[in-house]
Amino acid sequence: MEEKSNISQLLTFYLPLYYLSFYLCRYGVLPVGPILVEKNSISMLDYGFSLSALYTGYFLMLIPAGVIVRKISVKKTIYTGVLGTISANIIILLANSSTILFVALFLNGISQGLIWPSLMQIVALNSTKKDAEWTVGLMMTSAILGPSIVFIIGSILISLNLWWAIFILGPSLLAVLTLKIIKTRINVRTQDIYKTTFLTKKSLILGGLNKEIIILSITYFCFYSILRGIVGWLPYFLIHGFNLKESLASLGSGIFPILETVGAFIGGYLSNRTKNFRKIFNYAFFLSFLLLSLYSFFNLPALTLGLAFILISLPEWLFFSKLSYLVEKEHVGFASGFIDMMGYIGSSTSNIIIGYIISTTKDYRNIILILTLYSLLGFIFSLLIKSHKLSST
């Protein structure tokens with residue numbers, strides 16, 4: 001009985017908090033990015049490539065992580081990710097060139113790529129489908145709030161001239177919370193990768209993937225190209241677009257992930273009420289495309305961006321909270337890893353594109369034009385989602 005209580009406590013409280021600590025380590029570079037760029041004389045294009053390295057390392061590890069989780073101990077996979085994440089943050093703190101920053105962020109991405117499939121596997125193997133939805137929702141909330149908390153902490157530290165401390169606080173919290181994972185006994189049984197329900201027996205190539213997984217993955221590519229495309233450049237956008245100081249730009253950047261949280265909660269509520277998940281995706285992408293277009297071409301107030309950010313965030317929980325209905329429990333880790341991988345491919349490419357556009361045009365408002373195109377693509381692919389496949393039972 002006590003063991004079940006410990007597992008329940010782990011799922012409902014520690015895993016969301018634990019995942020948040022990884023986000024503090026992952027995005028610590030964002031609020032202090034302008035300082036690192038100026039301090040080390042890094043160009044906008046090189047900084048864009050460095051941010052891309054973070055996302056590239058992450059998505060390159062997601063599929064291998066889905067396999068590793070089931071071939072070795074889930075806990076060992078997590079410990080490896082923790083060690084790499086802490087090491088990467090120390091290297092970022094000591095970085096004095098764009099090359100070192102690139103390598104450190106790539107290591108950070110690879111290390112953190114081991115974590116999401118591992119935590120999803122723990123949830124799937126230690127809870128019912130309904131409980132899994134709740135836990136995944138909390139973890140997604142941590143993921144949404146992560147950048148906001150990072151920006152707020154960064155703003156405070158920058159104002160105190162202690163910006164470097166952000167690379168110490170996150171790893172310290174992560175190390176402490178890892179002790180809870182070490183002590184808790186959980187179900188971590190492994191399975192053969194070739195028995196996944198959404199892969200054919202003949203191959204592991206893209207053609208063997210279930211159509212619904214592919215559609216969700218491509219839609220998530222567009223979704224994350226928008227969300228993580230703008231988050232990495234928010235401080236610059238606010239500094240150069242609205243003439244804010246670095247500390248205020250960091251604080252202002254923290255507002256957008258909060259709006260993202262609001263959107264995700266509204267989307268989760270609407271999906272439970274309507275039972276039609278495709279409409280949530282359709283409206284989110286179409287309305288955000290409409291607002292971003294109007295903002296870009298008619299110079300509307302900044303509140304328009306906030307509303308667009310809320311709208312695009314509506315389906316955030318839906319990409320992962322229903323995976324237990326699409327694949328067997330043992331394979332949720334691999335499925336979530338594949339979808340998340342596509343999202344971070346989107347993040348990686350959008351950051352490179354944004355960095356290139358800014359370095360050539362010197363106009364930070366062009367960021368919004370790029371995100372507008374991603375919204376249109378997301379809407380097109382969201383039309384292919386089959387609502388009944390994602391309905392609750």
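No value in this document is a laboratory result; all are computed from the given coordinates. These figures come from a predicted structure and were not determined experimentally. Cβ coordinates were reconstructed from backbone atoms using ideal geometry, including for glycine residues, and neighbour counts include every protein chain displayed.
Let's test the formula: R0 of 45 Å, r as the Cβ-Cβ distance of ASN366 and SER97. What FRET efficiency results, to the nearest 0.05? Each step should come with its number before you reach the end.
Numbers: r = 27 Å, r/R0 = 0.61.
Working from the Cβ atoms, E equals 0.95.
Do any of LYS76/LYS275; LYS279/LYS322; LYS39/LYS76; LYS71/LYS183; LYS39/LYS245 go past 27 Å between their Cα atoms, and which? Mind dumping the intermediate values first?
Numbers: LYS76/LYS275 38 Å; LYS279/LYS322 16 Å; LYS39/LYS76 37 Å; LYS71/LYS183 21 Å; LYS39/LYS245 16 Å.
Listed pairs above 27 Å: LYS76/LYS275; LYS39/LYS76.
When the dipole is taken about the Cα centre of the chain, and only Lys, Arg (+1) and Asp, Glu (-1) are charged at their Cβ, what size is it in debye, to the nearest 20?
With Lys and Arg at +1 and Asp and Glu at -1, about 1080 debye.
Which residue fluctuates most in the GNM of the chain (Cα springs below 10 Å): LEU373, LEU105, LEU300?
LEU300
Could you compute the FRET efficiency for LYS76 and ILE35, with r as their C-beta to C-beta distance and R0 at 41 Å, rounded to 0.05?
Working from the Cβ atoms, E equals 0.70.
Got a sec? Charge dipole of the chain, +1 on Cβ for Lys and Arg, -1 for Asp and Glu; which of ILE213, GLY137, ILE166 is way out at the positive end?
Result: ILE213.
Compare the Cα positions of GLY346, ILE239, LEU305 along the charge dipole of the chain (+1 at Cβ of Lys, Arg; -1 at Cβ of Asp, Glu; about the Cα centre) and return the one farthest towards the positive end.
GLY346
Show me 342-352, 152-162 ranked by packing, highest mean number of other Cβ atoms within 10 Å first.
342-352, 152-162
Order the peptides 50-58, 246-254 from the highest to the lowest mean number of other Cβ atoms within 10 Å of their residues.
Per-residue mean Cβ counts within 10 Å order the peptides as 50-58, 246-254.
Just from its helices, what would the mean residue ellipticity at 222 nm be for the chain, if runs of 4 or more DSSP H residues each count -39500 (n - 2.57) and the sum is divided by every residue, rounded to the nearest 500 deg cm²/dmol?
-25000 deg cm²/dmol
Considering the values (i) 68, 47, 42; (ii) 55, 43, 39; (iii) 106, 51, 34, which represents Cα extents along the principal axes in Å as calculated for the structure under consideration?
Of the labelled values, this structure produces (ii).
For ILE266 and TYR14, what is the calculated FRET efficiency with R₀ set at 30 Å and r taken between the beta-carbons, to the nearest 0.05?
The calculated FRET efficiency here is 0.65.
In nanometres, what is the gap between the two model label sites at ILE90 and PHE297, each 7 Å from Cα along Cα-to-Cβ?
Reported label-point gap for ILE90 and PHE297 is 5.4 nm.
Output the peptides 168-179, 283-294 sorted from most to least packed, where packing is the average of other Cβ atoms within 10 Å over each peptide's residues.
Packing order, densest peptide first, comes out as 283-294, 168-179.
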